[in-house]
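The values are calculated or read from the model by the stated rules, or taken from the named source; none is laboratory data. Just so it is clear, the model here is predicted, and its values are computed rather than measured. Here the Cβ positions follow ideal geometry from the backbone for every residue, glycine too, while neighbour counts run over all protein chains shown.
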Amino acid sequence: MITEREPGDIISEVLMTLAADPETIFWLLEGISDVKFFRSRLKSGICLVDSTGKYKVISTMQRINADRRLAEIKLLGIVDNDYDWLTEYRLPENIISTEPRDLEGVMLRANSVACVLAEYGNAEAVVRFERGGVSIVEAVIQRSLLFGKIRAVNNLNEKVCLKKFKPLQFFKEDWSYDEESALERAVQLGVAPNAEILREKIRDLPSVSDWYYIRGHDAIDILCGGLKSLFGDGRSVGIPAIEPILRQSLNDEDFARSKIFTEVVQWHQDRGLGSPYIYSPR
């Protein structure tokens, strides 16, 4: 596991790599899962840097953008949008964000969940569940939305740490989640003074596609809960097992329709570098 890095360390790595190969193109990424997602999809000549966090990518890019001596470095940052769309935060030049919230959402909205179900699901149980008129993906969205909206309210207001606020804490054996307990826990963590005010703030959030609110890691956690309780094949499964399947099963055509694909290609082409991806849409 890579230790947390500082912008100076990242810049030093970039400069050392350039000394050996001045033509290198660098992508600053949030973490190792992003590195794994992009690695198999890219042509040679691109160095993927695990920056150990979104704000490490941002602060590193700000330092590079401010230093004229580093202006010739071919360096792109890729981060999750999170709730930047809601707070109207503007990313520094040369950083592109995913849509609408994070990279996991790109995978979940495509056909990747079907591959997870093929590996860990009970086919009869999946059919039985979906006979109720709601697909597994739709059910995951429904169960993820409250958690995402609590995070959105926090991002707009107090911005307290919610690393320990996970759907698993509120899971019930019937694949429901104790919403009242989730609200109360968010209040305890400092998101709002009380549950009623938190509900009001949630109601006041903009009406947009649910995907703008849903945090990918929450949704995967909830999918694991469904596999455990209703439609799994009996094996114990968690996020570390699910994420690789989602990454590997996102097909080229679906990825090519995403904002992150097209904006990255545009960034490269604007600098005369050509598309970085192995796959090229027809």
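Table for the structure above
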| quantity | calculated |
| --- | --- |
| For Ser44: the one exception among (1) of a type in the set (Ser, Thr, Tyr); (2) under 30 Å from Pro206 (Cβ atoms); (3) without any contact (Cβ under 8 Å) to a residue 60 or more places away in the chain | (2) |
| Leu156, sole failed condition from (1) of a type outside the set (D, E, K, R); (2) more than 17 Å from the chain's Cα centre (by Cα); (3) under 21 Å from Val237 (Cβ atoms) | (3) |
| Filter result for Tyr55 (among the hydroxyl-bearing types (Ser, Thr, Tyr), at pLDDT 95 or above and surrounded by fewer than 19 Cβ atoms within 10 Å (Cβ to Cβ)) | yes |
| Strands (runs of 3 or more DSSP E) enclosed by region 38-111 - at least 1 residues per element that are acidic (Asp, Glu) | 46-50 |
| Candidates Phe129, Phe147, filtered to the one that is among the aromatic types (Phe, Trp, Tyr) and more than 16 Å from the chain's Cα centre (by Cα) | Phe129 |
| Pair list, Cβ under 9 Å, 6 or more apart: region 244-268 residue farther than 26 Å from Asp221 by Cβ and touching a residue at least 24 places away in the same chain (Cβ under 8 Å), other residue assigned to a loop (DSSP other than H, G, I, E, B) and aromatic (Phe, Trp, Tyr) | Asp252/Tyr279; Glu253/Tyr279; Ala256/Tyr279 |
| Among residues of region 213-232, those that are among the aliphatic types (A, V, I, L, M), assigned to a helix (DSSP H, G or I) and under 21 Å from Arg151 (Cβ atoms), counted | 4 |
| Total residues in region 225-240, condition more than 17 Å from the chain's Cα centre (by Cα) and surrounded by 13 or more Cβ atoms within 10 Å (Cβ to Cβ) | 10 |
| Boolean, Ile245 is in contact with a Cys (Cβ under 9 Å, 6 or more places away or on another chain) and part of a helix (DSSP H, G or I) | yes |
| Members of region 185-203 found to be out of contact with any Pro (no Cβ under 8 Å at 6 or more places or on another chain) and of a type in the set (Val, Ile, Thr), listed by number | Val191, Ile197, Ile202 |
| Members of region 127-144 found to be among the charged types (D, E, K, R) and surrounded by fewer than 19 Cβ atoms within 10 Å (Cβ to Cβ), listed by number | Arg128, Glu130, Arg131, Glu138 |
